[in-house]
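Read the structure below first, then the notes.
The values are calculated or read from the model by the stated rules, or taken from the named source; none is laboratory data. Predicted model only: the values in this text are computed from it and were never measured. Every residue, glycine as well, gets a Cβ built from its backbone with ideal geometry; the counts of neighbours run over all protein chains shown.
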Amino acid sequence: MSSNDGIGKILGVALALCIVCSVIVSTAAVVLKPAQEANKSLDRKRNILQAAGMLEEGRSVEEQFAVVEERFVDLQSGEFTDSVTPGYDQRAAAKDPATSRDVPSDEDIAKVGRQASVAQVYLVRGDSGDYEKIILPVHGYGLWSTLYGFLALESDGNTVAGLGFYDHGETPGLGGEVDNPRWKALWPGKKVYRDGEVELGLKKGAVDPTSSDADWNVDGLSGATLTSRGVTNLIDFWLGDNGFAPFLANLRNGEA
């Protein structure tokens, strides 16, 4: 056997092995994709319920989420729209120029870059048929990463029911304290608007409960000034005129 024959066989075996491995990996990816998508959907529902203060451990997430209604909102008009279908991915839509807008730098306080034209919102109706909870997706840049989360409001569209972030890369123990249950427990009952303007935000240090501004202030994250500022900015952006303010106004007036 010549040296060339030996090299050829080695290369042939290596190529065959690569092909077999590629087939195995591709097959596994196809087979596992439905399970991965199901887990992703379940995690999203869990985060929505948790932000709204509705998650009960020990009960099926799907059962609890049955009372939540997913709707789509045209952010420019603030009205419900049927222009997209269930399964719509707002994060993906924000990357496509055909389904988003480039946010001008003077408006982009949350550093979102591009903003999807249509947003997903989640509504919980009470026994009377009126909305009891309004759960809005929010995101914005902190210190190291974009924070993605949900802000839940009570039926008045002004009182906070809860806030939670499900995806970020902030520093553990500093900006990562956005995940701390004690800090998240400070949000329910806070107010978003004052005299028609977004006033809700983080204050440096602890909030004085006797202050006239206490209803609109949340304790800042110790040692995480830029993350704290990022949270304030993303709330200001998404609850403002370029975010959900038109939708909330329409909802209050029964015109959404």
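Tabulated values for the structure
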quantity: Helices (runs of 4 or more DSSP H) wholly inside segment 164-256 containing at least 3 residues that are buried (at least 17 other Cβ atoms within 10 Å of the Cβ) and not basic (Lys, Arg); calculated: 225-238, 245-252
quantity: Count - residues of segment 120-154 that are part of a strand (DSSP E or B), of a type in the set (A, V, I, L, M, F, W, C) and in contact with a helix residue (DSSP H, G or I) (Cβ under 6 Å, 6 or more places away or on another chain); calculated: 4
quantity: Out of PHE165, PHE150, sole residue that is closer than 13 Å to ALA52 by Cα and without any contact (Cβ under 8 Å) to a residue 24 or more places away in the chain; calculated: PHE165
quantity: Test: residue in segment 55-76 that is touching a helix residue (DSSP H, G or I) at 6+ places or on another chain (Cβ under 7 Å), of a type outside the set (D, E, K, R), over 29 Å from ASN39 (Cα atoms) and part of a loop (DSSP other than H, G, I, E, B); calculated: no
quantity: Selected residue [free of Cβ contacts under 8 Å to residues at least 24 places away in the same chain and of a type in the set (Val, Ile, Thr)] from THR232, THR210; calculated: THR210
quantity: In segment 162-174, the residues that are of a type in the set (Gly, Ala, Ser) and either at pLDDT 95 or above or touching a Lys or Arg at 6+ places or on another chain (Cβ under 8 Å) (or both); calculated: GLY162, GLY164, GLY169
